[in-house]
Structure formats: C-alpha cells, structure tokens
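These notes concern the structure reproduced below.
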Amino acid sequence: MQETKIEINKANESPIKVRKSSKKSFLFEKISFYSLLVTVFLMPIFFIPSKFVDFGSAKDLLIIIGTLISLIFWCLARLKDGKFELIQSYIFPSVLFLVIIYFLSSIFSDNKLISLLGRSFELGTFGSIFIGFILMFLSASVFKTKKKILYPYIALFFSFIIISIFQASRLFFGTELMSFGYFTDIASNTIGKWNELGIYFGIFTLLSVATLELASLSKVMRVLLYFTTVLSIFFMSIINFSVSWYVIGIFALLFIIYKISFRRFEAGDGSPGSDTPFLKRIPYLVLIILAISSVFIVDGIRSKSVKADGSRNKYLISASIADYFKISQIEIRPSFQGTFDLFKSSLKENPVLGSGPNRFVNEWLLYKANDINNTQFWNVNFNYGVGTIPTFISTTGILGLISWIIFLLLFIYIGFKLIFVKIEDKLSRYLLVSSFFLSLYLWIMNAVYATSEVLFFMTLFFSGVFIAVLANEKLISAKSFSYLGNPRRILISVPLMIVIIISSVTGGYIYYQKFFSSVYFSRALDSLNAAGSLENAEKYAVKSLSYTKTDSQYRLLSDIYLSRLAVLASKKDVNTETLEKEIKPLFEGAVNNSNSAVKYDKTNYQNYISLGRIYELVMQSGGGADKIAYKKAQENYDKALKLSPKSPEINLILGRLEVLNKDNNKAREYL
C-alpha cells in the first residue's frame, strides 16, 4: 500500500513539474526573443557620444552582447524543455562548412590571434563571422510565427524614423543640431560611412514598395508607406551612391516581373485562370522607382564621359543637390581589379586557405599595384578591398572562395525557387518575398561594397528571418527531437548546451575587455597628442594594456617612453649621473615594449619601424657613431621593408639612417 501511495503521489506531481518547466522555458525563450529584437532595433541608431569611444566598437559590442545573451537564454530554454527544433535546410550545412574553413584558415595563419579575434573589433575575423552566423541561426530559430516575424520589421521601421528625423534635422538646420559633440559634419550618421547611409535608405525603398504592393493595408498605413518611399528616395538622391542606384534599379525590374507574374492570383478566387488586364498588373510605383534609378544611373554614366578638351562632364542632378546642401564627401577604396589581383597574388603563396582572415592589409602591402605610389594614397593601408565578401575571399584562399560560392548560390537558388511557390495568404507571401529581396539586396551590397558592422550583421539577421519564414510556411522542414528519457542523447545534448553557455559568457567577457581597452587607448592618444600630458598618456596606455595586449598598445607605450626621453634629454639643469639614471629605465621600457609588439605580430611592418626608431635615436644622441645601434636599426628597417616592399616611406627612413651613418652614397640608393 505504501508503495502504491508513493507511486500515485509521484504521478500527481509529475504534471506540475512539467508545467513549471514549460513556464521557465517560455520565459527563457521570451528573453532570447526580446534580446534579439532590441539588438536589431538599436543596431542602426546606437552610439556612445564620447570622443574616446570608437563608433564601430560600440556597435560591435552591442551586437555581440545582444546575440550572446539571446544564445544563452535559447540554450537555457532547450535545457528546460528538453527538446530541439532544428530547421532542415542545405543553407545551414553550407554555413557550417564556411565557418570551418574560416577556423582552419585562422589556425594556419601567420598570426592566429589576429585572424581568430583581431586586435579590436575588426570585421572579417573568425570571431566576427562566427557571431554573425550565430545571429543568423538565432533569427531563424527564435522568430517562429508570423506575428514574431513581423516584430523585426516594426523595430526596423521605428529605427528608420529616428534616423530620418536625425538626418533631416541636421540637413536643414545645420550640423550643430544634435551633433552630441560627435557628429561633426553633414555626412556623419549613425549607420557608418556616407555611402552606407545610402544603402540603408535603399533597404526602406525596397521594403516600403514591397509592403505597398504585397500586403493588405489601411489607408493610413498606405499614406505612411508612400511617405517612407519618398523620404528614402530623397535621401538616396542626396547621397547618390551609384552602386545603390544600379542595385535598386535591378530589384525594381525583378519586382515588376514578379508582380506581373503573380498578379492574377490576387484577382477573384486566386486561381491561375483569373484574368486581370495587363495594365492593372503593372506596379506603377515600382515603375517610377525604376525610372528614377535610370535617371541617376544615366547621370553617373554621363559624368564619366570625357569632353573634347579632355575634361570630364559633371553630374547634373546629384551635383546640384550636393551643392545646395553643401555636401562634400570622398571615399577611396581598392577597385575590383585591384582586389582580384591581390587575390591572385596571395594564391601563389597560400593557395588553399589563404593568408588568414583579417589580413587583407598584409596582402595590400605586399602586392598592391606600383601605380598606387604615384597617387596621393601611396601611404594608405587599406584593411578592406572593393567589397566585404571579396575581402573575405581574398584572405581565405580557394577553400574560402568555394565556401562562399556554395553558400550564396544555395541561398539565391532556394530563394528564387520558393518565392514563386503559390501561397494564398497575402501576409505570408509578403513576408516571404520581402525577407528574401531584402537579404539578397544586402548580400549584393556586401559583394560590391566594403560595408561595416551594421549592414553586415543586418544582412545575416534578415537572411535568418527569410529562413524562419520558409520554416513557418512549411516550405522547408523542421525536425523536432527530445533528449529526455534517452541517456545517450542527454550525455551529448546537456554538456553541449553547457559548453555553449560557458563559451558565450567567456566570449562576451573577451569583447568587453577589448572595448574598454580601446577606450583607454583613445584616451592615451588624446593625452599624448591633444593635451600633451605624457604622464596621463602613460597611465591610460598601461590601463589599456591591462585589458587587452596587442601590438598597438605596446607601440604606443614605446612612443610615450621615447617622448619622455626627448623631454629628459632637453633638460640642461640635470647632472649627468642623474640623467643616465633616469634615461636607462625609459630606454629599456621603449625597447621592451617594441620587442613585445614584434613578438605579438611579426608580420606588421610598423612594429619593426618602432623598434628601429629607438636605435636610430641612440645614433642621433651619439652623433651617429654607434655602429651597434646602426646595425640594429638597419636590421629592423630591412625587416619592415620586406613586409611592405613597395613603401616609399621605409626607403626614405633607410636613406635617413644612412645619412646619419655618414654614408651618403648608400643613402642615395634609397632615395
């Protein structure tokens, strides 16, 4: 009887435990959902108004922390409910393949740490790619229903309103308005570069048109979306990024073809036999946008034509707009040909896995065209090529190229194949078409332009939303399996979730350290260059180094010690013994920090220049007679020249060294 009673009590308690577990699981999923949603809302508008906080670093930290919090609570929800629901799509295996290639390329890189995590928050490291695809996975997994899928659209629209008000206010009332001491000119914005703002408004040109043409809306919403379209086109016209006009024009043409093909389903009962007059099938709003794009494209082509006297024609429309608002903005980046040539050259040295992620600048220094030295950009070290994806490919070799091709082709194939599937529900079709066109637009922009963190992570987010729509409409399957009651599955799943949670917390802490290191690094630079306080500069540089140790911090400390040596050497009221006593620790500090910089990254020519400059200073103080110092300076400058063989600056430094060594004939060889 007692045993029976105990069994009954256990049976009665079991449902209660299940309900408690499901409530906790629901809470965790809710936190994961809102963490992702808030991140997407803040992504375009977030900044910290301080001259010591790097604009990109603040956004990166927001995206990384928001993504990792979402991942942690998604894992906790899985631990509570004891089951997984994984979307079965060929896209995710291709993503896994791409991430593995990035990891292997990083491991075989000449500097693993820079390729894996970078010095700060560089886009293109293994860490940034991994976080990006986690964001894509989460957006595909968290937004499970049509209602949830609509929330990112709403969040994006509200951030668009804020950015539009911000930009319009500064445009019409002056840059002093809402500058926050941070946005100093008319081209300053919360997205990134000036052209990126044009790409951002292109998103809303596409999105508002798709919503007007595909969704059922009230009159108020239609008026609001027409205004959004006009506003987006207005800002695109002011920015006049030629690439965005080409891409918007192509998408307008694609949308016209798509809309004409499917217009018959919107009439009558939605059967293929519904006969809608051809003129009614034409989406005239899209046709107008195609016409506007064509006008700006023609204006751009005309500006590249040459007159009889050899001068170029000027922009007619965009130049007038820019002159009216007093906008002057120039952006320089490597060309497609230049990026491709770098890729071919790097394949000769590292054909399979490339030089490693986040090492485009090293390739640029080795293989850049000689003609670059004849321009005003001879001393510019480009960290990115013509576009984000070409940059990634150029540093990860043939396998990197193959992995990106597989992923992008699969994404495009699945997208175009499934958007033509007949879906009766208008909202579902709108979400399907808009999410695919939006993510495809962003992928194209990443291929033809070097985007920064906002647009790159937004690309991955909306790619995940597109996959979520496919899963919600059962266009791709989702497999659900439980590990409860299966000891073998528990043995694998539970430790895996715990490892992911611990790794997420660790990763968040690492990037938190990077962020504060960059803040103190900026303060050290400001103290050194603006305030002229060597004491504060050293204090902040040491503080920066305590958070994250990179060659940038070591070089800065070395420069500070050299500056202190110069100040000390200029003093005339100090006796020789005291002077030597004070000079020794400063000299050793400069040498040790420069050596630490070289040890951190032996492929960075700046580290060798920093070390060589110390010994050159020893020669200057000794009248150029110190042959040991000369040999060490020459040795380090030669190493720098090998890493940047086309740099006129290093040849000039070597020439200066030979003059100091009283060898004018050899100095002429470098000049």
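The values are calculated or read from the model by the stated rules, or taken from the named source; none is laboratory data. The shown structure was predicted, so the numbers you read here are calculated from the model rather than taken from an experiment. A quick note on method: Cβ atoms are made from the backbone with ideal geometry, for glycine too, and the neighbour counts reach across all protein chains shown. Note: accessible area is taken over every heavy atom of the protein model, side chains too, but ligands, DNA and RNA are not part of it. Shrake-Rupley method; radii C 1.70, N 1.55, O 1.52, S 1.80 Å.
Annotation for segment 397-475: GluC sites (Glu not before Pro) lying in DSSP loop with at most 11 further Cβ atoms inside 10 Å of their Cβ are 424. One compactness figure for segment 441-488 is 1.75, namely its Cα radius of gyration divided by 2.2 N^0.38 Å. Based on the reciprocal of the average 1/r between different C-alpha atoms, the Kirkwood radius for segment 97-138 equals 10.3 Å.
The charge dipole of the chain, taken about its Cα centre with unit charges on the Cβ atoms of Lys, Arg (+1), Asp and Glu (-1) only, comes to about 1600 debye. Using the alpha-carbon atoms, what tilt in degrees (0 to 90, nearest 10) does helix 487-526 show relative to the longest principal axis of the chain? Approximately 40 degrees, to the nearest ten.
Summed over qualifying helices (DSSP H, 4 residues or more, each -39500 (n - 2.57)) and divided by its residue number, the chain shows a 222 nm mean residue ellipticity of -24500 deg cm²/dmol.
Taking 30 Å as the straight-line reach from the Cα of residue 259, the lysines in range (excluding those fewer than 8 positions away in the same chain) are 144, 146, 147, 148, 219, 280, 417, 422, 426, 474.
Note: segment 52-112, Cα convex hull, 140 Å³ per residue. Sorted largest first, the principal axis extents computed over the alpha-carbon atoms of the chain equal 96, 95, 51 Å.
Would you mind getting me the FRET efficiency between residue 173 and residue 335? Use the beta-carbon distance for r and R0 = 35 Å, nearest 0.05. E(calc), rounded to 0.05, equals 0.40. In the chain, the longest principal axis of the Cα atoms and the axis of helix 194-214 are about 0 degrees apart. For residue 602, the aspartates and glutamates whose Cα comes closer than 18 Å to its Cα, not counting residues fewer than 8 places off in the same chain, are 110, 349, 363, 551, 635, 638. The alpha-carbon atoms of segment 517-671, seen along their principal axes, cover 45, 41, 26 angstrom, with the largest extent given first. A full extension of the chain between residue 428 and residue 583 corresponds to an added length of 48.5 nm, given 0.36 nm per residue minus the alpha carbon distance. You can think of it this way: the chain between residue 372 and residue 649 has 98.4 nm of extra reach, that is 0.36 nm per residue less the Cα-Cα gap.
Straight Cα distances below 18 angstrom link residue 662 to the lysines 627, 631, 632, with same-chain residues fewer than 8 positions distant left out. Altogether, the Stokes-Einstein calculation at 37 °C and 0.692 mPa s, with the Kirkwood radius of segment 77-160 over Cα pairs as Rh, returns a diffusion coefficient of 215 µm²/s. Computed from the alpha carbon atoms alone, the convex hull of segment 193-265 holds 72 Å³ per residue. The long axis of helix 219-239 is offset from the longest Cα principal axis of the chain by roughly 20 degrees.
Accessible surface for the chain, divided over its residues, is 48 Å² per residue with a 1.4 Å probe. For segment 104-229, the spread of Cα positions along the three principal axes, ordered from largest to smallest, is 59, 44, 19 Å. Taking one quarter of the surface of the C-alpha convex hull of segment 595-671 gives a mean projected area of 4.6 nm². Size of segment 30-177: Rg and Dmax of its alpha carbons, in Å, are 18.2, 57. Give me the percent of the accessible area of segment 573-671 that comes from carbon and sulfur atoms, probe 1.4 Å, all protein chains in place. Carbon-and-sulfur percentage of accessible area, whole number: 53. Based on the Stokes-Einstein relation at 4 °C and a viscosity of 1.567 mPa s, and on the Kirkwood radius from alpha carbon pairs, segment 521-602 is assigned a translational diffusion coefficient of 99 µm²/s.
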